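First comes the structure, then the notes that go with it.
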Amino acid sequence: MNLAAPVRGDEARHVLVIEDEPQMRSMLTDNLEFEGYRVTAVASGEEALQEVESRHYALLLLDLMLPGMSGFDVCQQLRARGRHVPIVVLTARTQEQDRIRGLDLGADDYVSKPFSVSELLARVRALVRRDDWHSPGSDEFTVGDIVVKPRQRLVLRKGRRVALSAREFELLRYLYVHRNEVVSREQLLRDVWGYSQLSVTRTVDNYVAKLRTHIEPRPHEPRYIITVHGSGYQLLA
């Protein structure tokens, strides 16, 4: 099944919750609505794909352990069809390989159960928050042979779509806005991830490495996204 383009309307703060456990689904819905989000909640991956086919969502909260189609499968299918909606994975599975698999399939963040509701909401706010794509700075730009069209949220190489996750897209745009500047990992965690309490983490390094595989001709010898040792990263453009 090919997903049709979603219909955009007044749904910039519309969150889709995909959770099969009724109490958890209700708790997530109540807390998101209290924060001012419009919420649709479904109990299966199949329902989630139908929802994303029919309308625009600002973010998906996706449980991995779903009946039938798993959260991994949902994430993979959405990304394969060019859907760049931010995805926060929720799961009781804490093994590192599960986290890595979810991120590799295109998830933007990973929250283990049990979790702090306030932390989860902070991560949701960070992903939902988007700059005004219709501002003068939102015109398309290039990095090497990559063309980025922020208004359409498209990344193209020689006319073909480059599949970036929503977080990778935001990271690339942030680096371009601050091109030729050195930006620290702490700055990126604060402004792109929305983390108010910073800790030593390789989250930024891992995402920069993934972004390089899409942008750089030779990811291990980067020409555009440069590591400034002891300081952070710099996009040369």
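Read-outs throughout are calculated quantities, based only on the coordinates presented, and are distinct from any laboratory measurement. Keep in mind that what you see is a predicted model, and the values were worked out from it rather than measured. Heads up, the Cβs are rebuilt from the backbone with ideal geometry, glycines too, and the neighbour counts pull from every protein chain shown.
Just to check I understand the Karplus step: with θ = phi - 60° and J = 6.51 cos²θ - 1.76 cosθ + 1.60, what whole-Hz values come out for segment 32-45, glycine and proline as x?
So the J values, rounded to whole Hz, are 5, 5, 4, 7, x, 7, 7, 10, 10, 10, 10, 10, 8, x.
How far, in nm, would the chain grow between ARG55 and LEU236 when pulled straight, counting 0.36 nm per residue and subtracting the alpha carbon separation?
61.5 nm
Give the cross-link partners of LYS158 among the lysines, using a straight C-alpha distance below 16 Å as the criterion and excluding same-chain residues fewer than 8 apart.
LYS149
I need the phi-derived Karplus couplings for segment 149-155: 6.51 cos²θ - 1.76 cosθ + 1.60, θ = phi - 60°, integer Hz, Gly and Pro marked x.
Couplings: 10, x, 4, 8, 6, 10, 10 Hz.
Percent relative contact order of segment 136-235, based on C-alpha pairs within less than 8 angstrom and at least six residues apart?
Across segment 136-235, relative contact order equals 26 percent.
Could you list ASP63, ASP30 so that the one with the fewest beta carbons within 10 Å of its beta carbon is first and the one with the most is last?
So the residues, fewest neighbours to most, are ASP30, ASP63.
What is the Cα convex hull volume of segment 136-235 when expressed per residue in Å³?
Looking at segment 136-235, the number lands at 100 Å³ per residue.
Return the sequence-ordered ³J(HN,Hα) values of segment 164-174 in whole Hz as given by the Karplus equation 6.51 cos²θ - 1.76 cosθ + 1.60 applied to θ = phi - 60°, using x for Gly and Pro.
These are the phi-based 3J(HN,Hα) values: 9, 6, 4, 5, 4, 4, 5, 5, 4, 5, 4 Hz.
Provide the gained length on full extension for the span ASP205 to VAL177, in nm with one decimal, where the gain is 0.36 nm per separating residue minus the Cα-Cα distance.
Extra length from ASP205 to VAL177 when fully extended: 8.2 nm.
Rank these for me by crowding, SER184, SER231, going from fewest to most other beta carbons within 10 Å.
With the sparsest Cβ surroundings first, the list reads SER231, SER184.
Please order HIS84, HIS220 by the number of other Cβ within 10 Å, starting at the fewest.
Going from sparsest to densest Cβ surroundings: HIS220, HIS84.
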